[in-house]
Every structure is written in structure tokens, then in C-alpha cells.
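Worksheet: one structure, shown below.
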Amino acid sequence: MEIASSKLGTYFVRWKLPKNIEMVNLNACSIKDLTPIGKLQKLKSFKASKSYKYGYTDKFETLVLVDSVTALEIEGFHLYKDEMYFPPNLQILSMPFIDIFDLKSLEIPKSVTKLGLKSSFVPFAQSDVSTTDPQIDLSNFEKLSSLELIHSKLTSCNSLVSARFLSSIRLILCTSLEDLRGIESLKILSSLYVIHCGGASSVPLHRTFFCNTKFPENLRDLVFVPNSSALASTSRDFLRSPEDYELVNEEPHLKVGKRFQLPKGLTDLSLEGPHLVIDDDLELPRTLQMPTFKDIGAANCLCNIANLSSLHTLSIHNARIETLDNSLLFQIEIG
């Protein structure tokens, strides 16, 4: 059952729903009472997103789920953490207004395999003082393979090292993120997305990402998109570490070269950033199949990219290219 963009208000509690319903998706709805959901004995999946058009739902604590539910995805609602009951066989869990540091106060089942947490956004003030994340014990979540954090106050990946079964991590709009220290400890990690993170530190995340990160060898998919606020500090960082930069049209661009050590088995790589120069000494893994460079200041690595035996698609969008080997025999997509 799926309901979209509806002001159900107090009427939903009067509904007599078929008891064999397995999936309920309330998309952009305003609901005052969710009691009927708890009567669906065969329910497996419940999704709900708040309607900003119709105002806030103020009694989301009425949600009681049966033990058969394996997927719970909530967006926009404030959950009452002290009273929230999680079904014991839950596998997919997505919650708003919760940071990973709040997990110790929640009774989350150890059966969860995919966890998504969206914390409240707090405007940041740039600081030269690094902070240390509290330690988080995720070792009991032996089935947790996928983690997505949005607006988390995470400053590094050290707090995630106990989640040794993670194969996928997505960090989105985590403005406190300073670097990826600890990521190398996640031995089976195969997919890593870092999207619009950083900005709260005086050292841009894109410099620590490209100059200091040691990736796990099992990584196959890597995506990096910098935060525009982090890019704004490039000029200041250039004065501090000019050796890491190259001037392009009299503007400092971070050099992405041999210090950016990619795993030897990487197959998909996507890099974005107008203040980046992909240098010709960057060692691209021979296993690369679909690299993408978008909004790059300059892509000088293309002169030797024909050496990649597994390459079949190269995507370049809005980048300056000085040299392109005419012997390239794979598909090239330039936008």
C-alpha cells in the first residue's frame, strides 16, 4: 500500500486496513495517529516521510510495529527514542535526527544489515582546533554491511573501526569531517562515497583525502565530491602548503598525484572538484573500468590512461584536457 502527498490527519486511525498487507509507504503525508499500522500482522516493510506542506506530525510515538517487520525507513519525523520499539528481525533501518553517536541509547537489533542515520544539521564555524570523536562499539553488529551517515558530526573514521563487517559507507554532508583516518582498518570495505563533506576545519578535507588517506585494499568503488565551503579555504591552505598545489590561471589547484594511492583492485572511480588538477604522475589501477572526472580544473593524467587494460568507459565532464592519446580504443564520453 502506498499513499503519497496526503493530509490524512486524524482520519487514518479510522481506516480498516487489510491484515495481509506486507508493505506500507506513506510518502509526504501528515498523520496524527499510526495505531492501525500495529494491527498489520504480516507487515514486512514500513516507510514514512513527512509532509512539509501540511505541517508537523506530533504523535509519531503511536507507531508500534509487529515483529514481522524487516525494513523501517523514516524521514523527517522526530522519533521518541526512549519509547521506540524495533522489531527483533529488522534488517533495514533508516532514521532522522539521529547521529551514530546516539546508537548506544537505542535498542537496535543486531540483525540490522543496512543502517542510515540523518542527524540534525548544525551550521558550522570554521576552527583550527581538531576534535576527537567518542569511541563507538559496533562490533556486535556482525551483520551490518551498509552504513549511510548524513549531517553526522563525525570528524574521522576512527569511530567506525569496530564495524569490521562494513562493505559500503556513504558519508554525506558531514561538515565536521576532517580526514578518513581509520578507514584502512575496514578490510572488507568495497564501496566508499564521500559527498559534500568537510568545511568545519581550516584544513580542507579534499587535501587530507587526496594526500593522506590510506584506503583498504578491497575497495572497488570510490566517489568523492567536495563541499563547496571546504573549497573556499583552498587559497588559505595554499599559503600554508604551496607544495601541494599548482597554479592554474593564477588560482591554486590541489595536485592529485602519486600521494593519492588507490587500491590495486579499484574498478570504479569518480572525482569532482573545480580546484583539482589530476596530475600525470597519478597511478591509476589497471583494473579501472569506468573512471569519471567532473568539474576538474585540469586532467593531465589522460596522456597515459591507455595503459589501463580493463578500461571500457571514460567520462569527462567540464574539465580542461591538455593531452589525449590518439591510440585510445575504448569508449570516451566527454560532456
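Please treat every number below as a calculation from the coordinates, not as lab data. Just so it is clear, the structure is predicted and the values come from calculations on it, not from any experiment. Cβ atoms come from the backbone with ideal geometry, glycine included; neighbour counts cover every protein chain shown.
Please work out the Cα center distance from segment 172-198 to segment 247-313, rounded to the nearest Å.
19
Using the number of other C-beta atoms within 10 angstrom as an exposure proxy, rank H317, H275 with the fewest first.
Ascending number of Cβ neighbours within 10 Å: H317, H275.
How would C174, C157 line up from fewest to most surrounding beta-carbon atoms within 10 angstrom?
The most exposed by this proxy come first: C157, C174.
Would you kindly state how much longer the chain becomes between S241 and N20 on full extension, computed as 0.36 nm times their sequence separation minus their alpha carbon distance, in nm to one decimal?
Answer, rounded to one decimal: 73.2 nm.
What's the exposure ranking of K214, K294, going from fewest to most Cβ atoms within 10 Å?
K214, K294
Might you report the magnitude of the Cβ-based charge dipole of segment 100-240 about its Cα centre, with Lys and Arg at +1 and Asp and Glu at -1, to the nearest 20 debye?
180
What GluC sites (Glu not before Pro) does segment 238-315 have in DSSP loop regions with at most 12 other beta carbons within 10 Å?
Of the GluC sites (Glu not before Pro), the ones in loops of segment 238-315 whose Cβ has at most 12 other Cβ atoms within 10 Å are E250.
Please give the length that would be gained between E75 and K258 if that part of the chain were fully extended, namely 0.36 nm times their separation in residues minus their C-alpha to C-alpha distance (nm, one decimal).
The E75-K258 span can extend by a further 61.7 nm.
Using a 7 Å offset from the Cα along the Cα-to-Cβ direction at both K294 and N218, what is the distance between the two label points in nm, to one decimal?
2.8
For segment 100-240, what's the relative contact order in percent, using C-alpha pairs closer than 8 Å and at least 6 residues apart?
Over segment 100-240, the number comes to 20 percent.
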